[in-house]
Amino acid sequence: MQDTPGSIDDAAERDVCWRALKAHDARFDGSFFTAVISTGIYCRPVCRVKLPRRENCRFFHLAAQAEAAGFRPCLRCRPELAPRAGPGPAWSTEDATRILALQAARLMDEPDAWAAGEPPGAARVAARLGVSDRHLRRIFEAHFGVSPLQYLQTRRLLAAKQLIADTRLPMAEVAAASGFASVRRFNSAFSGRYGLNPSALRRAGAAAPGPHATVVRLGWRPPYDAAAMLDFFARRALPGMEAVDGARLMRTLRVGQGAQARCGWLALRFDVPHARVLLEVGDALAPALPAVIARVRAMLDLDADPQAINAALHARFPLGDGLRVPGTPDGFELAVRAVLGQQVTVAAARTLGGRLVAAFGEAVETPFAGMARLFPTPAALAAASGDALGRLGIVRQRQAALQALARETAAGRLALYPGADVAATCAALRALPGIGDWTAQYVAMRALRWPDAFPAGDVALQKALGVATARAAEAAAQGWRPWRSYAVLRAWHAPCTDTPELILETAVDRFVSLARPHAIER
């Protein structure tokens, strides 16, 4: 019988957890954690330690619940590496308080949603969601069994644990990067929660990082079509800042703005047999590792729940179970690239993007030949003259769109990261010159990580669905909510006489050309 506060109390659900634990089933990784009362430790279901006795196991949906019950994270399977919970359900007739609690948790999980680089407290998150601090605490505790502060503290401690294990950062930088106001508070919280001094944890067995780089492992829940994901980015790699070499993807990245910005490089490689990505980060980005990890997880859609998605889509798209929606490590970059891609081919958009990087991107040192530029900042593009953009081959309509987009982003009026208000952001995008519904939906799909984005007016999508109008496409897709973004990707990959890769590229090219013609003419 489950009598530990916050643990899963449904007998059928506990049986599922037990079977997944025995099988080390990676499909459940991050969906629950197993705490063992005889050791005081909690693990991921994929942990390869000796199987504990069932009567000693307690199951929790969240790491914060296990820690609130007094359990410590396993040093072998490292719960901080598990996939996070996927996007919450769309607003519907479902209990609205549960959805609100899920959205609050998601905001706490998104470093880019933290104002001025500081993790949000309950009051700030409540203000973002339009509810009172007291109401947020009440619904959070009702649905998760822990307070927002406990949830956030667990996030900070697990982020710190990862920095200690995988980097050479001094403890002062570890404390700051993981959201603690001082080293003293960090040491007190870490020792009090885990019963271990942070320096002792580093001496106890942290793997030695390679020279000038940090390597971390990021898990996913299978199935995952790594080849399709890698091919997507390879076709769109911008010269000077991105490259794909075999099974390895490399790129430059800026995290933060102004004096707080960290600039460097990252490289990633898919380890399919172990359902994980090996992420290598240059030393310059190591202090921003929690934010880098969050961006890479979004870029590769590592936190998706394929069981829930496939339950809705498998009957209609049986060959797409492993497809994920490609994201981006930088929402502004993605929006700019979407504008550059309007009414041109993927190859032409890549050429324009490469010219933009060469002309306005800042220099950065990397160990990769030919990769030495960052993507331009919003401020740089906002200040660019029309003549300078025109010399790159960017037509006037696109120039106006890029500069309006850059001005709104630089001023902080446009939020382009996961967790941002989807409806408000899409409306703000559509209000800009040269940006129509396709671009807004595309940005929502890839930058905001909205799982229900749906460009109903896309001709290629309509053809794949066997309909002739946007209204008919909307009607056909109602049963796939809230996973219509994944349905779009699967529709573009649907079998026909062409190869799946050609279908995807052609669909994207045609899709881009449909972006609100009257807006482009302004």
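The values are calculated or read from the model by the stated rules, or taken from the named source; none is laboratory data. A quick note: this is a predicted structure, and the numbers were derived from the prediction, not measured. In this analysis, Cβ positions are derived from the backbone assuming ideal geometry, glycine residues included, and neighbour counts consider all displayed protein chains.
Worth a mention:
- Checking PRO433, PRO482, PRO451 one by one, the residue that is crowded, with 23+ Cβ neighbours inside 10 Å, modelled with pLDDT of 85 or more and not polar (S, T, N, Q) is PRO451 and no other.
- Qualifying residue in segment 413-430 (condition: acidic (Asp, Glu), under 27 Å from the mean Cα position of the chain (by Cα) and surrounded by fewer than 21 Cβ atoms within 10 Å (Cβ to Cβ)): yes
- Among the residues listed as ILE8, ILE41, ILE37, the single one being of a type in the set (Val, Ile, Thr), modelled with pLDDT under 95 and under 17 Å from ALA69 (Cα atoms): ILE8
- Across segment 247-278, the number of residues qualifying as in contact (Cβ under 8 Å) with a residue 12 or more places away in the chain and under 22 Å from ALA415 (Cβ atoms) comes to 8.
- So VAL174, is it buried (at least 18 other Cβ atoms within 10 Å of the Cβ) and either in contact with an Asp or Glu (Cβ under 9 Å, 6 or more places away or on another chain) or aromatic (Phe, Trp, Tyr) (or both): no
- Total residues in segment 230-263, condition in a strand (DSSP E or B) and either assigned by TED's automatic domain parsing to the domain that holds ARG44 or on the phi > 0 side of the Ramachandran plot (or both): 0
- Within segment 15-55, being outside any strand (DSSP E or B), crowded, with 19+ Cβ neighbours inside 10 Å and of a type outside the set (A, V, I, L, M) holds for CYS17, PHE28, GLY30, SER31, ARG44, PRO45, CYS47.
- Any hit, segment 229-236, residues being farther than 23 Å from VAL364 by Cβ, within 15 Å of the chain's Cα centre (by Cα) and of a type outside the set (Asp, Glu): yes
Per-residue answers, yes or no, for (1) basic (Lys, Arg); (2) within 20 Å of GLY353 (Cβ to Cβ):
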residue: GLY386; (1), (2): no, yes
residue: ARG413; (1), (2): yes, no
residue: PRO455; (1), (2): no, no
residue: ALA468; (1), (2): no, no
residue: HIS493; (1), (2): no, no
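- For beta carbons closer than 6 Å, sequence separation of 6+ or different chains, a first residue in segment 172-183 that is at positive phi and a second that is assigned to a loop (DSSP other than H, G, I, E, B), the qualifying pairs are GLY179/PRO119.
- Residue check, ARG295 within 18 Å of ARG449 (Cβ to Cβ), among the basic types (Lys, Arg) and out of contact with any strand residue (DSSP E or B) (no Cβ under 6 Å at 6 or more places or on another chain): yes
- Just one of the listed residues (GLY436, GLY419) is over 27 Å from ARG297 (Cα atoms), in contact (Cβ under 8 Å) with a residue 60 or more places away in the chain and not assigned by TED's automatic domain parsing to the domain that holds GLU110, and it is GLY436.
- Figure legend. Inter-residue proximity from segment 297-310: first residues surrounded by fewer than 21 Cβ atoms within 10 Å (Cβ to Cβ), second residues not in a helix (DSSP H, G or I), beta-carbon distance below 7 Å, spacing 6+ or different chains. Indicated pairs: ASP305/GLY86; ASP305/ARG221; ASN310/ASP321.
- Checked against (1) among the β-branched types (Val, Ile, Thr); (2) farther than 23 Å from MET229 by Cα; (3) touching a residue at least 12 places away in the same chain (Cβ under 8 Å), THR469 passes all but condition (3).
- Some residue of segment 374-393 being closer than 18 Å to TYR442 by Cβ and in contact (Cβ under 8 Å) with a residue 60 or more places away in the chain: yes
Residue-wise test of (1) under 24 Å from LEU129 (Cα atoms); (2) out of contact with any Ser or Thr (no Cβ under 9 Å at 6 or more places or on another chain).
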{"site": "LEU402", "(1), (2)": "no, yes"}
{"site": "ALA406", "(1), (2)": "no, no"}
{"site": "ALA411", "(1), (2)": "yes, yes"}
{"site": "ILE435", "(1), (2)": "no, yes"}
{"site": "ALA447", "(1), (2)": "yes, no"}
{"site": "ALA476", "(1), (2)": "no, yes"}
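- You will find that of ALA127, ALA172, the residue that is over 18 Å from ARG106 (Cβ atoms) and of a type outside the set (Asp, Glu) is ALA172 and no other.
- Yes/no for ALA335 being modelled with pLDDT of 95 or more, assigned by TED's automatic domain parsing to the domain that holds LEU416 and either under 20 Å from ASP231 (Cβ atoms) or surrounded by 21 or more Cβ atoms within 10 Å (Cβ to Cβ) (or both): yes
- For CYS496, the criteria (1) at pLDDT 95 or above; (2) surrounded by fewer than 21 Cβ atoms within 10 Å (Cβ to Cβ); (3) of a type in the set (A, V, I, L, M, F, W, C) hold in every case but one, which is (1).
- Of the helices (runs of 4 or more DSSP H) lying entirely inside segment 302-368, not one carries at least 2 residues that are of a type in the set (Phe, Trp, Tyr) and more than 22 Å from the chain's Cα centre (by Cα).
- Once segment 338-386 is narrowed to residues that are over 17 Å from LEU249 (Cα atoms), touching a Ser or Thr at 6+ places or on another chain (Cβ under 6 Å) and not polar (S, T, N, Q), the residue that is surrounded by the fewest Cβ atoms within 10 Å (Cβ to Cβ) is VAL364.
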